[in-house]
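Colleague: Structure in structure tokens, see below.
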Amino acid sequence: MKYIITGLLALTLFGCSLSVPQPPVAKQTKNLFDNDSDGVINQRDHCPKTPLDAVVDNDGCPTYVDSSEENSIHVLFANDSSVVAESYMQNIKQMSAFLAKYPKTHIELKGYASPVGNANYNVALSQRRAIAIRQALINDGVAASRIKTVGFGDSDPVKANNIEQTNTLSRRVIAQVVGYQGNVVKEWTVYTVRKN
């Protein structure tokens, strides 16, 4: 029995080849790297420069949330004047800060006059008022190319309780601006702070 087992072992050892052929090497035909580390390989990534902490879809594109914010300006003027009162400078500074926050936003300043006197004169006066606010914004750092002025004269008086109030409230420059911003949705990490 001992000889039979030894014989079988000898046959097994000598009957087997000791060299094993190398497995074939597969050639990589696709770009399997992930250069922007968003979890989507370059071959499938349609948005190759994704911010590192962004939530991405199957194409490697980040999710954006659109947000908007509004700001307005409302300045009253004395009769037959285009001088900006000091009390309105804070309102102008707030608008300047808003325009700095949204650098692609433009503003149209609409000037008006009270329904007193010559209509042509009132158009020119309302234009001068809008230009005065424009200059104040420029002095605060807003680019002149982002500001448009229009003088409407006495064409749109404010309805009020009496003529004196109507005249006072009609001598104005107004503007309303909406700023849009697209923010990338960020993925949750252990460092994310929960909003209360």
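The values are calculated or read from the model by the stated rules, or taken from the named source; none is laboratory data. If you're wondering where the values come from, they're calculated on a predicted model, not measured in any experiment. Cβ atoms come from the backbone with ideal geometry, glycine included; neighbour counts cover every protein chain shown. Protein only, heavy atoms only, side chains kept; ligands, DNA and RNA dropped before computing areas. Shrake-Rupley method; radii C 1.70, N 1.55, O 1.52, S 1.80 Å.
Colleague: Tell me which residues, restricted to the range 117-154, are within 21 Å of A85 (Cβ to Cβ), open to solvent by 40 Å² or more (accessible area, probe 1.4 Å) and in a helix (DSSP H, G or I).
Modeller: Within the range 117-154, A124, Q127, R128, I131, R134, Q135, I138, N139 meet the criteria.
Colleague: When residues of the range 97-107 are filtered for being outside any loop (DSSP other than H, G, I, E, B) and either modelled with pLDDT of 95 or more or of a type in the set (D, E, K, R) (or both), how many remain? Break it down into steps so the answer makes sense when it comes.
Modeller: Step one: of the range 97-107, the residues outside any loop (DSSP other than H, G, I, E, B) are 97-101, 107.
Remaining after also requiring either modelled with pLDDT of 95 or more or of a type in the set (D, E, K, R) (or both): 101.
Qualifying residue count for the region: 1.
Every residue, every condition in (1) free of Cβ contacts under 8 Å to residues at least 40 places away in the same chain; (2) within 21 Å of the chain's Cα centre (by Cα); (3) more than 12 Å from V178 (Cβ to Cβ), yes or no:
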site	(1), (2), (3)
S68	no, yes, no
N71	no, yes, no
V75	no, no, yes
Q94	yes, yes, yes
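Colleague: Can you tell me which residue among S87, S81 is open to solvent by 60 Å² or more (accessible area, probe 1.4 Å), within 20 Å of Q135 (Cα to Cα) and not hydrophobic (A, V, I, L, M, F, W, C)?
Modeller: On the way: S81 fails: open to solvent by 60 Å² or more (accessible area, probe 1.4 Å).
When all the criteria are applied, what remains is S87.
Colleague: Also, I was wondering about something else. Only one of (1) modelled with pLDDT of 75 or more; (2) touching a Ser or Thr at 6+ places or on another chain (Cβ under 7 Å) fails for L52. Which number is that?
Modeller: Every condition holds for L52 apart from (1).
Colleague: Of the residues in the range 109-125, how many are in contact (Cβ under 8 Å) with a residue 60 or more places away in the chain and more than 13 Å from V142 (Cβ to Cβ)? Outline the logic, then answer.
Modeller: As a first pass, look at the range 109-125 and keep what is in contact (Cβ under 8 Å) with a residue 60 or more places away in the chain: 109-112.
Add one more test, that the residue is more than 13 Å from V142 (Cβ to Cβ), and what stays is 110-112.
Result for the range 109-125: 3.
Colleague: Can you spot a residue in the range 61-69 that is in a strand (DSSP E or B), among the aromatic types (F, W, Y) and out of contact with any Asp or Glu (no Cβ under 8 Å at 6 or more places or on another chain)? Even if it seems obvious, please write down each step before you answer.
Modeller: In the first step, residues of the range 61-69 are kept if they are in a strand (DSSP E or B); the result is 62, 64-69.
Among the residues that remain, those that are also among the aromatic types (F, W, Y) are: 64.
Now narrow it down to the ones that are out of contact with any Asp or Glu (no Cβ under 8 Å at 6 or more places or on another chain): 64.
Yes, some residue in the range 61-69 is in a strand (DSSP E or B), among the aromatic types (F, W, Y) and out of contact with any Asp or Glu (no Cβ under 8 Å at 6 or more places or on another chain).
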